[in-house]
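The values are calculated or read from the model by the stated rules, or taken from the named source; none is laboratory data. Computed from a predicted model, the values in this text were never measured in an experiment. Note that we place each Cβ from the backbone using ideal geometry, even for glycine, and neighbour counts take in every protein chain shown. Note: areas computed on protein heavy atoms with side chains; ligands, DNA, RNA excluded. Shrake-Rupley method; radii C 1.70, N 1.55, O 1.52, S 1.80 Å.
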Amino acid sequence: MKSYSELTRDELLAIKDELEKEYKEAAAKGLKLDMSRGKPAAKQLDLSRDMLDVVNSSSDLKCEDGVDVRNYGILDGISEAKKIMADILGVSSDNVIVFGNASLNIMYDMVSRAMLFGVLGSTPWSKLDKVKFLCPVPGYDRHFAITELFDVEMINIPMKADGPDMDLVEKYVNNDESVKGIWCVPKYSNPQGITYSDEVVKRFAALKPAAKDFRIFWDNAYAIHDLYEDDKDELLEIFAECRKNGNEDMVYEFCSTSKVTFAGGGISALAASKANLDDVKRTMTIQTIGHDKVNQLRHARYFKDVNGVYEHMKKHAAILRPKFEAVINEFEKELSGLGIASWVKPKGGYFISFETMDGCAKAVVAKCKEAGVTLTGAGATYPYKKDPNDSNIRIAPSLPTEEELKQATELFILCVKLVSVDKLLETA
């Protein structure tokens, strides 16, 4: 297929005329499709429906430790739930606290706690002249929203094929005391689907922060979200590497079952060193008497152990895999060779990262919305919603049905072509 950049102005105008006719026909269909967020589809949520029957009015409601889960107590979570979450992350149960339904809530609280009370006796961040966070980009918009809310200065760190640019990370972390943290989605990163290489994880673990209260916010959201059982990425366990370097206090790790069981009714966990967990509990005891232990018991009895979780995730993959492949196949069929776009084919996670020509992403998203397909806002994958190249678009294939996804993908491709032609005509 001939690259659009090689076409004459007349050829581009002819293509534009044909594309505009197709776009009008598509817009006339009255589509109302949403690919803006990585929500599980109804079929995925149905996979866990029978979990609601595991704990009922006739159930024994005491956990393994003999505590009645209906009552107060066990601030850090019941032992059987801690064991499952710890095994998902590859850490000891002693290094885990089980929280409520959302790991995002834990991350918010960890930043808020550092702002108000400091980290392990350090000066509260709110009392410092400047607090900075490193942000691998493109990245997760909700991470950036947290640090923006607390008026933290965010610094873009480009993502490479094996993770963040570690030369830059080391430069900032090891030399600037105002750099207090970095956001990371280390396995199947949001949105690119990149898994950090062993070398990258080892370099993280060997950081020598200028700030003793620097923390890596290791959001391992997709630790078990593989699309291919026989071709999945493996992530080096960071705590073991940190211990080798005497840096076990440097990491906060997060995960949840939000996309495993029910998005609004899962359980979440924080993994950290004993010193960090003790520091968290110091204020957590004021904040809450404990999280929903009935739900923790429900999850533990449903899965029984981490192997039950792995088997459950194969069912999710069977639903998600055809959707991801359908989108990627359409991209390859319709856009390969045109020189107007690139994309990453992930092995897991919830997103496909798509790159338009520079200066085209906002226009593509706007055109899609005008014709009835809602995408994540262009720029959302960068701090302050400012994509310097206006090129990245996050595709979320999970929620639509197969037919809806086909319609949405066809329209998206049409908009990419149309906007790209317009861009090339500006200089042709």
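Relative to its residue count, region 345-392 spans a Cα convex hull of 88 Å³ per residue. Relative to one another, the C-alpha centroids of region 179-243 and region 267-316 are positioned 20 Å apart. Surface composition of region 1-110: carbon plus sulfur atoms contribute 48% of the solvent-accessible area (1.4 Å probe, protein chains only, all chains present). If the segment from residue 286 to residue 142 were pulled out straight at 0.36 nm per residue, it would be longer than the present Cα-Cα gap by 49.2 nm.
Across region 180-300, how many lysine pairs separated by 8 or more positions, or lying on different chains, have Cα atoms within less than 15 Å? Within region 180-300, the lysine pair count is 7. Close amide H contacts of residue 137 (hydrogens built in the peptide plane, cut-off under 5 Å, sequence separation of 5 or more or a different chain): 157, 159. Reducing region 382-428 and region 93-158 to their Cα centroids gives an inter-centroid distance of 30 Å. Between residue 53 and residue 79, the FRET efficiency from the beta-carbon distance, with R0 = 30 Å, is close to 0.85.
Distance between the modelled labels on residue 333 and residue 167, one decimal in nanometres: 4.2 nm (7 Å Cα→Cβ projection). Within the listed set 103, 58, 197, the Gaussian network model of the chain (springs between alpha-carbon atoms below 10 Å) gives the highest mean-square fluctuation for 58. Remark: spin-label model distance residue 310-residue 245 equals 2.9 nm, labels positioned 7 Å along the Cα→Cβ axis.
When each of the peptides 43-53, 149-159 is scored by how many other beta carbons lie within 10 Å of its residues on average, the order from highest to lowest is 149-159, 43-53. The long axis of helix 402-425 is offset from the longest Cα principal axis of the chain by roughly 60 degrees.
For region 205-299, what percent of Cα pairs sit more than 16 Å apart? Within region 205-299, distances greater than 16 Å cover 67 percent of Cα pairs.
Entry comment: accessible area of region 127-189 is 40 Å² per residue, from protein heavy atoms only and a probe of 1.4 Å.
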